[in-house]
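Undergrad: First, the structure itself, so that you have it in front of you.
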Amino acid sequence: MAALSSYSMPTEQPAFSFQNQPQSHASGGPTQHSFYPYTDNGGSTLGISGSSFTIIAGDTRMTSGYNILTRYAPKLFRIGGEGPEHAGAKIVLSVVGFAADGQALQERLDMVVKMYRYQHGKDMSVHACAQRLSHILYNKRFFPYYVQAILGGIDEEGVGALYSYDPVGSYEREQCRAAGAAASLIMPFLDNQVNLKNQYEPDAPQGLEKPQLQPQPLDRQTVEELVRDAFTSAVERHIEVGDGLQMMVITKDGIEELYSPLKQD
Amino acid sequence: MNHNPQAWGRPRDDVYGAYNSQYLPQHHGGPSAHPTTHTQSPIVTGTSVIAIKYSTGVVIAADNLASYGSLARFTDVKRLKPFNRKAVVGFGGDVSDMQYLDRLLSSLDVQENYSHNNDDPEDTKALMSAKNLHTYLAKVMYKRRSDFNPLWNSLLICGLDEKNKPFLATADLLGTTYSAPTLATGFGAHLAQPLLRKAVPDEEASQKLDKETAVEVVRECMKVLFYRDARSMNEYSIAVVDEKGVELKEKEKLENQSWAFADQIRGYGTQTV
Amino acid sequence: MFRNNYDNDSVTFSPQGRIFQVEYAQEAVKQGSVVVGIVSKTHAVLAALKRNAEELSSYQKKIIPIDTHFGIALAGLASDARVLSNFMKQQSLASRLTYDRPIFLSEITSRIGDRAQTNTQQYGKRPYGVGLLIAGVDAKGPHLFEFQPSGVTQEMIACGIGARSQMARTYLERNLDEFEGSSREELIKHALCALKDSLSQDKELTIDNTSLGVGGIDENFKMYEGQDIAGWLETAFESKAEGEEGGEGMEVDS
């Protein structure tokens with residue numbers, strides 16, 4: 001029987017990018033297969049909020065180990081709005097990690113927001129939606145949705161709102177956040193360029209007292225350029241990122257979707 | 001006489017010894033701590049399924065072998081299952097789970113024909129499309145993985161969507177879904193997918209591809225898979241789905257094989273020179 | 001004094017083979033204000049007369065959009081209609097979720113029909129006191145279904161239910177042949193005319209008391225109320241009134 005159950009679908013995982021699930025082929029003992037309900041589908045997302053807009057972006061590659069499963073699998077989803085086209089939606093959810101959980105999470109949140117509109121006759125605010133998403137994740141904390149989520153929209157004052165989550169529902173509102181495979185590559189870049197970390201007044205004298213540059217809300221064009229730079233750089237350094245860049249810009253007028261190709265190698 | 005009615009018609013304990021109820025389920029007197037067991041690994045398996053979209057339809061293929069580990073156990077197993085006139089599902093992985101899903105699809109088909117009584121056979125608008133079917137199967141797969149009781153398959157669902165445009169997508173034992181102009185499961189993801197992508201690098205290219213070329217590319221891929229996949233065989237099924245319906249051939253033989261490359265292979269096993 | 005012994009619950013037949021509770025529920029539908037529905041080859045329209053309990057109160061909602069492709073109009077107990085509409089909303093979302101397709105109107109109608117029927121066959125339950133018109137478009141084109149408290153459902157070309165709806169039905173029967181080929185605008189006018197015919201002498205259609213719901217092929221179901229329907233209310237009756245009289249004149253002549 002040992003020989004029989006050693007058959008596995010050829011989905012070897014690259015060892016360096018995430019933890020390998022235990023596959024006890026070694027050491028002669030009887031091979032036991034156990035079902036592991038998660039996988040990592042790679043990819044990366046990021047979100048930046050401005051004074052009157054929020055931009056959420058993600059690459060469109062989906063991977064399994066060293067395989068590119070598809071070059072176009074969006075990680076950005078409109079939440080709410082009318083019907084399957086989400087007409088009039090003003091909230092965007094991005095999910096990265098285990099794609100099937102991401103899809104399930106997206107469908108649940110969308111259902112909640114649609115029912116809210118049906119029952120209350122008005123759209124859900126991003127603030128409320130953000131808290132609801134946290135509860136959905138937390139309720140499944142013992143069998144979590146294996147995703148890093150970023151939620152974006154416009155708050156009740158018309159200011160860009162961005163919320164980031166861990167897989168079990170811990171969340172906070174931020175100016176910018178990168179998630180997924182290349183988060184560790186993109187986040188320091190955003191820290192530096194958006195929150196102006198490690199940038200000081202150029203003319204001030206050297207020393208500990210040297211004043212930090214204060215972050216200012218960025219304009220839309222600058223943010224779009226930052227996003228493109230972040231992703232073109234991530235593509236160079238991470239094999240699970242590439243193929244296409246999908247961007248959603250949320251303003252008071254709705255959601256504008258942009259797509260541009262990335263390197264396919 | 002034994003006055004206990006429960007004992008009537010049963011083997012007598014004083015003659016045969018107590019009945020061994022060890023293997024019975026709990027409600028029939030089996031052991032109380034009998035755990036529910038779920039599939040932990042596939043047993044009889046099918047290998048790759050490959051498919052490609054072309055301008056007006058989809059071509060899908062899978063061989064007719066079901067393996068028991070490395071044993072080529074069943075050599076006449078049809079792994080492409082047509083669903084109404086708009087969709088075909090290709091099954092990789094566990095064969096018993098495939099048969100379960102096939103029964104599920106049959107009952108779904110009956111339900112569909114009952115509730116919407118499509119009296120006009122030419123009217124395909126109200127028919128369940130490949131896209132509808134894919135969504136449904138993906139939900140079934142995801143539900144089962146969430147119950148830690150997976151259906152050990154990778155599926156390719158292909159056919160036409162509601163607008164009669166070509167549709168191709170996949171669902172696997174984890175409930176993961178995606179779609180692309182070309183798809184391949186199992187070993188095909190390594191061996192066939194690069195060849196398919198060379199023929200059809202993107203969506204635009206698939207819209208320009210004609211049926212004959214698509215079929216030719218798929219047949220070529222089946223040949224390469226047979227050359228290199230030890231769990232494959234030279235008889236396969238191939239289906240074309242377009243507006244005319246499903247055209248399924250289940251007894252195709254690989255043609256024009258050339259094993260000239262075989263003696264060039266170096267570096268495996270004992271052959272080192 | 002006569003006392004009916006067979007109307008204490010909805011599971012007992014009278015010796016004449018009637019279930020009085022169900023018939024009383026159907027009376028509740030006749031208490032509700034009138035709603036009208038018509039379908040053409042391309043569109044489905046609902047029109048409803050809204051009532052307010054008193055001058056200072058708001059008008060009762062008569063048309064509820066359920067999904068992007070269909071909506072319902074109700075006559076009778078609004079609270080019962082809400083229960084049914086919540087159920088229909090859930091069912092249509094479930095269809096979108098599991099199959100990624102809009103639910104068929106025949107399907108959703110038979111589901112509420114089944115629900116209503118169980119209320120007429122289980123002790124301690126009460127039939128729904130509401131009639132519904134379900135109108136919209138699915139993969140098989142535009143449809144109009146009628147739902148009754150008894151659980152009876154049927155597909156209609158045109159239908160009117162509620163108080164004084166006989167007058168509306170008379171109008172609809174008279175113009176039956178025109179509906180199939182009607183344009184969107186013509187269909188709306190027919191619906192408003194049918195609605196108008198069922199009004200009592202002292203009443204007329206205003207932007208406050210009229211609701212419209214329109215669905216069509218490649219057009220989402222949308223509800224129109226208030227200022228949005230002012231245009232239709234102005235133009236609907238001008239040309240129609242003439243045609244109407246002409247038609248009657250012909251009948252008298254023959």
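The values are calculated or read from the model by the stated rules, or taken from the named source; none is laboratory data. For clarity, every value in this text was computed on a predicted model and none was experimentally measured. For neighbour counting, all protein chains shown are included, and Cβ atoms are generated from backbone atoms with ideal geometry for every residue, glycine included. To get the accessible areas, we keep the full protein, side chains included, count just its heavy atoms, and leave off ligands, DNA and RNA. Shrake-Rupley method; radii C 1.70, N 1.55, O 1.52, S 1.80 Å.
Undergrad: Find out how many positive minus negative residues lie around B:Pro194, taking Lys and Arg as positive, Asp and Glu as negative, among other residues whose Cβ is under 15 Å from that of B:Pro194.
TA: +1
Undergrad: Which longest uninterrupted range of chain C lacks any chymotrypsin sites (Phe, Trp or Tyr not before Pro) assigned by DSSP to a loop state (not H, G, I, E or B) and surrounded by at most 15 other Cβ atoms within 10 Å?
TA: My reading of the result: C:124-254 is the longest stretch.
Undergrad: Taking the Cβ of C:Val83 as the centre, find all other residues whose Cβ is under 12 Å away and add up their charges (Lys, Arg: +1; Asp, Glu: -1).
TA: +3
Undergrad: Using the C-alpha atoms of segment C:1-59, what convex hull volume per residue, in cubic angstrom, is computed?
TA: Once divided by residue count, the hull of segment C:1-59 is 175 Å³.
Undergrad: Using only alpha carbon positions, build the gyration tensor of chain C, then give the equivalent ellipsoid semi-axes as the square roots of 5 times its eigenvalues, largest first, whole angstrom.
TA: Rounded to whole Å, the semi-axes are 30, 24, 18.
Undergrad: Within chain A, how many lysine pairs that are 8 or more places apart, or on different chains, have C-alpha atoms less than 17 Å apart?
TA: So the count works out to 7.
Undergrad: If I take the Cα coordinates of segment C:146-220 and project them onto the principal axes, what are the three extents in Å, biggest first?
TA: Computed over segment C:146-220, the largest-to-smallest principal extents equal 38, 33, 25 Å.
Undergrad: Using a 10 angstrom Cβ neighbour count of at most 13 plus a DSSP loop assignment to flag exposed GluC sites (Glu not before Pro), which longest range of chain C is free of such sites?
TA: It runs C:56-179.
Undergrad: So, one more: Once all Cα-Cα distances of chain B are split into 5 Å bins that start at 0, what whole-number percent is in each one?
TA: Answer for chain B: a P(r) of 1, 6, 11, 14, 15, 13, 10, 7, 6, 4, 4, 3, 2, 2, 1, 0, 0 percent.
Undergrad: Can you show me the helix-derived [θ] at 222 nm for chain C, built from DSSP H runs with n ≥ 4 at -39,500 (n - 2.57) apiece and divided by the number of residues, rounded to the nearest 500.
TA: Working: 7 runs with 101 residues, N = 254.
Helix contribution divided over all residues of chain C: -13000 deg cm²/dmol.
Undergrad: With no solvent and one point per C-alpha, what does the Debye sum give as log10 I(q)/I(0) for the protein assembly as shown at q = 0.07 Å⁻¹?
TA: The Cα Debye sum returns log10 ratios of -0.69.
Undergrad: I've got another one for you. Which is the longest part of chain B that has none of the trypsin sites (Lys or Arg not before Pro) sitting in a DSSP loop with at most 12 other Cβ atoms within 10 Å? Intermediate values should be presented prior to the final figure.
TA: Working: sites that count: B:Arg12, B:Lys163, B:Lys244, B:Arg266.
With trypsin sites (Lys or Arg not before Pro) excluded where exposed in loops, chain B gives B:13-162 as its longest stretch.
Undergrad: Between chains B and A, what is the buried accessible area summed over both chains (1.4 Å probe, protein heavy atoms, nearest 100 Å²)?
TA: 2600
Undergrad: Under a plain spin-label model, where a point goes 7 Å from the Cα along Cα-to-Cβ, how far apart in nm are B:Glu250 and A:Gln131?
TA: About 5.8 nm separates the two model spin labels.
Undergrad: Then there's this: I'd like to check one number: the per residue accessible area of chain B, probe 1.4 Å, reported in Å² as a whole number.
TA: Computed with neighbouring chains in place, this is 52 Å² per residue.
Undergrad: To continue, here is another question. Restricting attention to segment B:185-266, which chymotrypsin sites (Phe, Trp or Tyr not before Pro) occupy a DSSP loop and are surrounded by at most 13 other Cβ atoms within 10 Å?
TA: Numbers: sites: B:Phe187, B:Phe226, B:Tyr227, B:Tyr236, B:Trp259, B:Phe261; in loops: B:Phe187, B:Trp259, B:Phe261.
The qualifying sites are B:Trp259, B:Phe261.
Undergrad: Only loop residues by DSSP count here, and only those with at most 14 other Cβ atoms within 10 Å; note down the chymotrypsin sites (Phe, Trp or Tyr not before Pro) in segment A:77-146 that meet that.
TA: Sites meeting the loop and neighbour criteria: A:Phe142.
Undergrad: Now, a different point. May I ask you to rank C:Leu233, C:Leu46 by accessible area, largest first, using a 1.4 Å probe over the protein chains only?
TA: The most accessible residue leads, giving C:Leu233, C:Leu46.
Undergrad: Across peptide A:67-78, how many C-beta atoms of other chains are within 10 Å of each residue C-beta, on average?
TA: The shielding value for this peptide is 4.
Undergrad: Counting only C-alpha contacts under 8 Å and six or more residues apart, can you give the relative contact order of chain A as a whole percent? It would help to have the intermediate numbers written out before the result.
TA: Values: 536 pairs, mean separation 60.3, N = 265.
Dividing the mean separation by the residue count of chain A yields 23 percent.
Undergrad: Using 7 Å Cα-to-Cβ label points, what is the C:Ala78/C:Phe2 separation (nm, one decimal)?
TA: Here the modelled spin labels are 3.5 nm apart.
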